[in-house]
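Written out below as structure tokens is the structure these notes cover.
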Amino acid sequence: MAAELIEDDPELAHQHAISASRRAGRIPVTRETLAMTAYRTGDFALAIRELRTFRRLSGRDTHLAIMVDSERGLGRPEKAIETGLEVDPSTLETADRVHLAIAMSGARLDLGQTQQALFELEIPELDPKKGFSWSPELFGAYATVLEDLGREEEAQKWFAYADRAEAALEEHFGGMDEIEVIEITEYEDLHEDESSEDVDADASDDADAYLDAYVEAEAEGNDEAEVSAAGQDDKE
């Protein structure tokens, strides 16, 4: 539900993520989801805390750029740069490395280090002849820094590259968000027998047992039992 709602209703998505974290706090993707919804709602301190927990649980640096940007959101550009330098960029996936470069460039701008901000963006992926999902943002960031440096002509050229990349991506992916409608014909099962009633009864018993275990775990404050109950819920 958090993933379903994040674009249209970040606040409600965040509430779903909070609910999930209370039930399955030791599962990395749960903490990752809570961090991302916190970031989208402007709770940067929570986003940083949850992403550090996600890193500890998963061993991955996937969202380092979000951590850097969250530090900027808290008004701590020096800490943002320090956070970005914690990891060797060559160990990151390409998209993560590009987003980190953009975030680091922004932190440099916050400190008035405009030339260094430009250097942060001069990476191999800054290629106007190729377009990827992150290209419009990268080209636009580069153009913005050039503009701040007073290099207007170059800036306009890179803004044009950003617009062209975005248009090409929209053209390429434009038809891929169509919803496929599948018609399902309902029919009456003419072979219902007593065995199906037995299965339903067993399922009901299992559900009652699970609810009893979950309530007991909540009452005792047993975290491990709580996580186990949440996992059973997923199976149901």
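Couplings for the range 147-163, taken from phi via the Karplus curve 6.51 cos²θ - 1.76 cosθ + 1.60 with θ = phi - 60°, read 5, 5, 7, x, 9, 4, 4, 5, 4, 5, 5, 6, 4, 5, 4, 5, 5 Hz in order; Gly and Pro are left as x. What percent of all Cα-Cα pairs in the range 1-50 falls into each 10 Å bin, going from 0 up to the bin containing the maximum distance? Once binned at 10 Å, the Cα pair distances of the range 1-50 give 34, 58, 8. A simple charge model with +1 on the Cβ of Lys and Arg, -1 on the Cβ of Asp and Glu and nothing else charged puts the dipole of the range 1-159 at about 800 debye relative to its Cα centre.
A Förster radius of 30 Å, combined with the Cβ-Cβ distance separating residue 93 from residue 152, puts the computed FRET efficiency at roughly 0.30.
When the charge dipole of the range 1-61 is built from unit charges on Cβ atoms (+1 for Lys and Arg, -1 for Asp and Glu) and taken about the Cα centre, the candidate among 48, 13, 59 whose Cα reaches farthest toward its positive end is 59. Using every pair of distinct Cα positions in the range 97-143, the Kirkwood expression returns a hydrodynamic radius of 10.5 angstrom. For the range 1-88, GluC sites (Glu not before Pro) meeting the loop criterion (DSSP other than H, G, I, E, B) and having at most 16 other Cβ atoms within 10 Å: 7, 86. Calculate, for residue 132 and residue 57, the FRET efficiency according to 1/(1 + (r/R0)^6) with r their C-beta to C-beta distance and R0 30 Å; round to the nearest 0.05. E(calc), rounded to 0.05, equals 0.55. Report the Rg/Rh value for the range 1-117, based on alpha-carbon coordinates and the Kirkwood definition of Rh. Looking at the range 1-117, the ratio lands at 0.99.
Over every Cα atom in the range 41-110, the radius of gyration and the widest Cα-Cα span, Dmax, amount to 11.1, 32 Å. Here residue 125 and residue 15 are evaluated by their C-beta separation; at R0 = 41 Å the FRET efficiency comes out at 0.70. Whole-Hz Karplus values for the range 96-106 come out as 5, 5, 5, 5, 5, 4, 5, 5, 5, 4, x Hz, taken residue by residue from phi with 6.51 cos²θ - 1.76 cosθ + 1.60 and θ = phi - 60°; glycine and proline positions read x.
We did not get these values from a lab; they are worked out from the coordinates using the rules stated. If you're wondering where the values come from, they're calculated on a predicted model, not measured in any experiment. Methodologically, a virtual Cβ is constructed for each residue, glycine included, from the backbone with ideal geometry; neighbour enumeration extends over all protein chains shown.
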